Amino acid sequence: MIAFFQSTLNSLFSFPRMKRGLQENEQEEGGSPSGGYQKSIKWSSKQDGEKELEEQGASWECLPQEILLHIFQYLPLLDRAYASLVCRGWNHTFHMPELWRCFEFELNQPASSYLKATHPELIKQIIKKHSNHLQYVSFKVDSSRESAEAACDILSQLVNCSLKTLGLISTARPSFMEMPKSHFISALTVVFVNSKSLSSLKIDDTPVDDPSLKVLVANNSDTLKLLKMSSCPHVSPAGIMCVADQCHGLRELALNYHLLSDELLIALSSEKHVHLEHLRIDVVSENPGQQFHTIKKSSWDAMVRHSPKFNLVMYFYLYEEEFDPFFRDEIPVTHLYFGRSVSKDVLGRVGLTCPRLVELVVCANGLRPLDEELIRIAQRCTQLSAIGLGECEVSCSAFVEFVKMCGERLKQLSIMEEVLVPDHRYELDDIHWEVSKHLGRVWFPDMMPTW
């Protein structure tokens, strides 16, 4: 840590002396500036650091606070705490509000997690001395209910702070869903009521409900710009409509498909609402054979007219028979991910109904090659610039033709060598050269690990 301090101080204090060294060497020797620089700045060892600083009129105890604060911002929290023990001045800097505006609480149970955790004593000190300084806060918890409850205990004590961003992150399974709903809602409401300028809220996989969203809107409707709440089963379409109707500055929204409605899209497309930038929809099947509602093409059209540059990101985790309501009419999706096997028929419809498609990722398809479907996507999706194919068989000829049609706009191309099927035109050894030629850069197919 001291070495880091010294190297930083060297760069901060050596400029005047370096300039003098350059001038002296140029006058006396007529040498190059680089020679003057090398002669004016020399550190024989780490022990010479303090002597050099004293010669330049600086010492550790007289270090300007703004420089010390700048250095502290680059130190890990533990090193910062050790540095605060050096002297009163450094301890004062350690407690400056600028260093406590952003903080991530890491809450893990030692018996069940190998991840590091924020020390309980440090948490007490933060709540006691710095809770009113916190502005950008996240909680990262493991899979245990105890860690989720500890996070809520901390939230309930933040009565003197006004957060700008809040993120609740479950590193494994959604542990917030396993705790009593009333405990979670009570803690979250404390933040919603006391934070009058909340702009970013990430509460995926939590038991947030409609009444708590109304509290959020009542206190933060003018400032909320980002809301991520996928997999929140206690929120109804009416609850998310309350947010859309009141939070006219909302630019990013992430939610599950069951909350998406024609009414929501119309509300987000109203004249008083700002242009939406990102809309993420998770289409997840809870039970095989689940029925899904449809969204009217007119609602999507209204969204595109209002926010022509918005990104529509859709993640599909469905069984084959559940895709029937989707991709029947044109949809303005830009980023499309299939997490389960998807049929040739569905991918064929993608090529017909997704003209704004920019990125496509397919986990698996089956045993029938996707030749026609890929060619159709290349023809109709003229903005496509990234594609990833997992267990999806494609003939070498169709794959080369697809790349040729997309050309150099295809910035990301990923496919396993094992799924490319040789034919009468191309063998596997030919693919590398042909694809590289049409992409305008060197390309190789992905290889299956051999371990």
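The values are calculated or read from the model by the stated rules, or taken from the named source; none is laboratory data. Since this is a predicted model, take the numbers as computed values, not measurements. For neighbour counting, all protein chains shown are included, and Cβ atoms are generated from backbone atoms with ideal geometry for every residue, glycine included. Note: accessible area is taken over every heavy atom of the protein model, side chains too, but ligands, DNA and RNA are not part of it. Shrake-Rupley method; radii C 1.70, N 1.55, O 1.52, S 1.80 Å.
Among the residues of the range 256-280, which ones are part of a helix (DSSP H, G or I) and in contact with a strand residue (DSSP E or B) (Cβ under 8 Å, 6 or more places away or on another chain)?
Step one: of the range 256-280, the residues part of a helix (DSSP H, G or I) are 257-259, 262-268.
Once the filter is applied, which keeps residues that are part of a helix (DSSP H, G or I) and in contact with a strand residue (DSSP E or B) (Cβ under 8 Å, 6 or more places away or on another chain), the range 256-280 yields 257, 268.
Give just the number: which of (1) among the acidic types (Asp, Glu); (2) in a loop (DSSP other than H, G, I, E, B); (3) crowded, with 19+ Cβ neighbours inside 10 Å does residue 373 not satisfy?
(2)
Condition (residue is charged (D, E, K, R), more than 21 Å from residue 140 (Cβ to Cβ) and outside any loop (DSSP other than H, G, I, E, B)) applied to the range 185-204: is it met by at least one residue? Write out each step before concluding.
Going residue by residue through the range 185-204, those that are charged (D, E, K, R) are 196, 202, 204.
Subset that is more than 21 Å from residue 140 (Cβ to Cβ): 196.
With the extra rule that they be outside any loop (DSSP other than H, G, I, E, B), the set shrinks to none.
Looking through the range 185-204, none of the residues is charged (D, E, K, R), more than 21 Å from residue 140 (Cβ to Cβ) and outside any loop (DSSP other than H, G, I, E, B).
Which pairs turn up if I take residues in the range 347-363 that are assigned by the TED database to the domain that holds residue 318 and look for partners that are open to solvent by 40 Å² or more (accessible area, probe 1.4 Å) and polar (S, T, N, Q) with beta carbon separation below 6 Å, at least 6 apart in sequence or on another chain?
As it stands, the answer is 358/383, since those pairs meet every condition given.
Failed condition for residue 411, given (1) more than 22 Å from residue 337 (Cα to Cα); (2) open to solvent by 60 Å² or more (accessible area, probe 1.4 Å); (3) of a type in the set (D, E, K, R), with all others met?
Condition not satisfied by residue 411: (1).
From the list 207, 237, 211, 288, which one is within 25 Å of the chain's Cα centre (by Cα) and assigned by the TED database to the domain that holds residue 315?
Values: 237 fails: within 25 Å of the chain's Cα centre (by Cα); 211 fails: within 25 Å of the chain's Cα centre (by Cα); 288 fails: within 25 Å of the chain's Cα centre (by Cα).
Among 207, 237, 211, 288, only 207 is within 25 Å of the chain's Cα centre (by Cα) and assigned by the TED database to the domain that holds residue 315.
Of the residues in the range 356-370, how many are open to solvent by 10 Å² or more (accessible area, probe 1.4 Å) and in a loop (DSSP other than H, G, I, E, B)? Working first, answer last.
Within the range 356-370, the first condition is being open to solvent by 10 Å² or more (accessible area, probe 1.4 Å), and the residues that meet it are 356, 358-359, 361, 363-369.
Applying the additional criterion that residues be in a loop (DSSP other than H, G, I, E, B) yields 356, 358, 367-369.
Residues meeting the conditions: 5.
With (1) touching a Gly at 6+ places or on another chain (Cβ under 7 Å); (2) not in a strand (DSSP E or B) as the list, and residue 138 as the residue in question, which single condition is left unmet?
Result: residue 138 fails condition (2) only.
Select from the range 281-321 the residues that are open to solvent by 10 Å² or more (accessible area, probe 1.4 Å), assigned to a strand (DSSP E or B) and either over 18 Å from residue 337 (Cβ atoms) or of a type in the set (Val, Ile, Thr) (or both) and list them in ascending order.
284, 313 - these are the residues of the range 281-321 that are open to solvent by 10 Å² or more (accessible area, probe 1.4 Å), assigned to a strand (DSSP E or B) and either over 18 Å from residue 337 (Cβ atoms) or of a type in the set (Val, Ile, Thr) (or both).
Kindly provide the set of residues from the range 432-451 that are among the aliphatic types (A, V, I, L, M) and at pLDDT 90 or above, ordered by number.
Applying the first criterion (among the aliphatic types (A, V, I, L, M)) to the range 432-451 yields 435, 439, 442, 447-448.
Hits for the range 432-451 are 435, 439, 442.
Between residues in the range 258-270 that are under 17 Å from residue 293 (Cβ atoms) and residues that are basic (Lys, Arg), which pairs lie under 9 Å by C-beta distance while being six or more apart or on different chains?
Once the first residue is under 17 Å from residue 293 (Cβ atoms) and sits in the range 258-270, its partners that are basic (Lys, Arg) give 262/296; 265/296.
Quick check on the range 239-255: of everything there that is open to solvent by less than 10 Å² (accessible area, probe 1.4 Å) and part of a loop (DSSP other than H, G, I, E, B), which residue is nearest to residue 229 (Cα to Cα)?
The residue in question is 250.
Looking only at the range 335-355, count every residue that is in a loop (DSSP other than H, G, I, E, B) and buried (at least 20 other Cβ atoms within 10 Å of the Cβ) and tell me the total. Can you show your working first?
Restricting attention to the range 335-355, the residues satisfying the condition of being in a loop (DSSP other than H, G, I, E, B) are 342-343, 354-355.
From the residues that got through so far, the ones that are buried (at least 20 other Cβ atoms within 10 Å of the Cβ) too are 342, 354.
So the count comes out to 2.
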